[in-house]
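The values are calculated or read from the model by the stated rules, or taken from the named source; none is laboratory data. This one's a predicted model, so the numbers in the text were calculated from it and none came from an experiment. A quick note on method: Cβ atoms are made from the backbone with ideal geometry, for glycine too, and the neighbour counts reach across all protein chains shown. Ligands, DNA and RNA are stripped out before the accessible areas are found, and what is left, the full protein with its side chains, is counted by its heavy atoms. Shrake-Rupley method; radii C 1.70, N 1.55, O 1.52, S 1.80 Å.
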Amino acid sequence: MNTAKEKMTMTPKEIRNDRLAAHLLKQLSRRNMEAFYCKTKEEAIEQVIRLIPEGSSVTWGGSMTLRGMGLTKALHESQRYELWDRDLAADREEAQAIYRKAFVADYYLSSANAMSEDGVIVNIDGTGNRVAAITFGPKHVIFVIGLNKVAQNVEAALARARSLAAPVNAARFDIKTPCQVDGICHNCNSPESICNFVHFLRNAPKGRYSVVLVGEDLGY
């Protein structure tokens with residue numbers, strides 16, 4: 001809880017983020033997810049490392065949030081974990097092996113394409129490896145989600161994933177989809193579509209999922 005003096009030094013966006021985060025923590029808790037709020041990405045990195053016991057096997061999906069905030073670098077530099085990093089794979093075959101190995105990891109890290117204000121986490125995948133690991137396999141899943149990913153409801157969260165995250169990722173991978181041409185979702189059936197698997201995490205078994213919310217714009 002911020003004191004009156006602290007609130008006087010906060011920007012309107014910071015005040016809104018604090019209030020939104022407090023609401024989201026309650027929503028995630030009622031969905032059986034352990035949740036934390038960190039104002040900065042640096043605090044979020046420290047929180048994630050606190051959640052993972054030394055010696056654990058750890059891997060992650062194709063999240064620009066995790067890479068961009070410096071989390072994957074920090075995990076390597078800590079030398080505390082057995083890391084399965086597909087970015088270091090020699091070729092596609094080795095990367096695919098790490099995708100499959102993820103199902104027996106102690107901890108799987110991910111961000112999200114969007115989240116509703118009532119705590120439903122939404123993700124869309126092209127190959128399905130990320131949403132599969134989120135759903136089943138790894139002993140623990142930790143989400144790191146910037147508050148810029150929060151949408152009003154599930155429908156708006158899905159729209160954000162399809163109309164913002166997907167076109168940006170299509171451009172990042174330089175794949176030939178209609179959204180790559182004009183930045184608009186066409187609900188396409190393109191052979192190169194990255195919107196093949198849609199995942200809604202509504203409720204969770206206790207003890208498996210943790211969510212670290214971050215009061216900064218992270219990822220797409």
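Count neighbours as other Cβ atoms within 10 Å of each site's Cβ, and list the trypsin sites (Lys or Arg not before Pro) in the stretch 121-192 that are DSSP loop with at most 13 such neighbours. Mind showing how you got there, number by number?
Details: sites: 130, 139, 149, 160, 162, 172, 176; in loops: 139, 176.
Those satisfying the criteria are 139, 176.
In whole Å, how far is the Cα centre of the stretch 192-220 from that of the stretch 102-179?
One Cα centre to the other: 5 Å.
Give the average over all directions of the projected area of the C-alpha convex hull of the stretch 1-160, one decimal, in nm².
Numbers: hull surface 41.2 nm².
The directionally averaged projection comes out at 10.3 nm².
Find the eigenvalues of the gyration tensor of the Cα atoms of the stretch 120-207, then list the square roots of 5 times those eigenvalues as equivalent ellipsoid semi-axes, largest first, in whole angstrom.
Values: eigenvalues 119, 47, 23 Å².
Ellipsoid half-lengths, sorted descending, are 24, 15, 11 Å.
For the chain, what's the relative contact order in percent, using C-alpha pairs closer than 8 Å and at least 6 residues apart?
29
What list of ³J(HN,Hα) values in whole Hz, one per residue of the stretch 190-197 in order, does the Karplus curve 6.51 cos²θ - 1.76 cosθ + 1.60 (θ = phi - 60°) give from phi, with Gly and Pro shown as x?
Taking θ as phi minus 60°, the curve returns 4, x, 9, 4, 9, 10, 8, 10 Hz for the stretch 190-197.
Amide H neighbours of residue 186 under 5 Å, at least 5 residues apart or on other chains, H built in the peptide plane: list them.
For residue 186, whose amide H was placed from the backbone, the distant partners under 5 Å are 179.
Can you run phi through the Karplus equation (6.51, -1.76, 1.60; θ = phi - 60°) for the stretch 117-128 and list ³J(HN,Hα) in whole Hz, with x for Gly and Pro?
5, 9, x, 7, 9, 10, 9, 10, 10, x, 9, x
Heads up, I need the accessible area for residue 195: 1.4 angstrom probe, whole protein in place, Å², nearest 10.
Residue 195 exposes around 50 Å² with every protein chain in place.
Order 49, 184, most accessible first, counting only protein heavy atoms with a 1.4 angstrom probe. Don't jump to the answer; show the numbers that get you there.
Working: 49 40, 184 95 Å².
My answer, sorted largest first, is 184, 49.
Could you tell me which of the pairs 41/149; 73/206; 101/206 are separated by over 19 angstrom between their Cα atoms in the structure shown?
Working: 41/149 15 Å; 73/206 29 Å; 101/206 23 Å.
Violating the 19 Å limit, Cα to Cα: 73/206; 101/206.
Please report the accessible area of residue 101 (heavy atoms, 1.4 Å probe, ligands and nucleic acids excluded) in Å², nearest 10.
About 90 Å², ignoring ligands and nucleic acids.
What FRET efficiency comes out for residue 56 versus residue 168 if R0 is 30 angstrom and r is the Cβ-Cβ distance? Round to the nearest 0.05.
Details: r = 31 Å, r/R0 = 1.04.
Result of the calculation: an efficiency of 0.45.
Skipping prolines and chain starts, which residues have an amide H placed within reach, meaning under 5 Å, of the one on residue 83, given they are 5 or more residues away or on another chain?
58
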